[in-house]
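Coordinate-derived values only; no laboratory data. As the structure is a computational prediction, the values presented were derived from the model and not from experiment. So basically every Cβ, Gly included, is an ideal-geometry build from the backbone, and we count neighbours across all protein chains shown.
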Amino acid sequence: MPEVAFAAPTRREAFEPLLDHAKHQVLELVAVQEVTPGEGWFLGRAVFDLESDGVELFGAERAADARFHDEVRAYLAARVGAAQAALITFENLTVLEFSGRGSALDRDQLDSALIQLGTPRRYA
């Protein structure tokens with residue numbers, strides 16, 4: 001039986017799932033109090049910047065490999081520092097684990113939750 005080879009997903013295919021993953025991780029870090037809400041907002045802002053700059057910055061048609069994750073981590077580190085950027089992990093992240101996830105509504109809710117981290121709270 002011939003061996004079936006699967007092509008690695010492109011960075012374009014992996015970009016939105018990677019963003020979703022990073023946003024989820026930021027919210028989880030705040031939830032478990034590994035970072036403060038203010039630190040979470042700062043880290044989330046860097047992920048929003050990444051989303052805004054787009055996958056073209058990283059060569060959209062190249063393979064979404066470990067080097068891609070390193071480049072994304074370097075991008076985040078340039079904005080928030082290496083220690084904060086290292087809190088978001090991409091190891092063993094594959095596009096397949098995100099299939100069926102990440103509808104527009106889910107992304108809107110995720111974005112809204114991150115934005116709330118930076119919203120000043122009023123105390124009585």
Checklist entry - Under a 5 Å amide H to amide H cut-off, with H placed in plane at 1.01 Å, what residues pair with residue 60 once short-range neighbours are removed? => result none
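Give me the net charge of residue 76's neighbourhood, meaning all other residues with Cβ under 14 Å from the Cβ of residue 76; Lys, Arg count +1, Asp, Glu -1.
Numbers: positive: 23, 45, 73, 79; negative: 39, 49, 51, 53, 70, 71.
Net charge in that neighbourhood comes out at -2.
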Checklist entry - Net charge near residue 45, counting Lys/Arg +1 and Asp/Glu -1 over other residues with Cβ under 14 Å of its Cβ? => result -3
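Regarding the range 1-61, what is the average projected area of its C-alpha convex hull, in nm²? If you can, show how the numbers build up before the last one.
Details: hull surface 23.6 nm².
Dividing the Cα hull surface by four gives the mean projection, 5.9 nm².
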Checklist entry - Once the piece of chain linking residue 8 and residue 78 is laid out straight, how much longer is it, given 0.36 nm per residue of separation minus the C-alpha distance between them? => result 22.5 nm
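Beta carbons within 10 angstrom, averaged per residue: use that to sort the peptides 21-31, 55-65, highest first. List each step's numbers first, then the result.
On the way: 21-31: 19.1, 55-65: 15.7.
Order by mean packing, descending: 21-31, 55-65.
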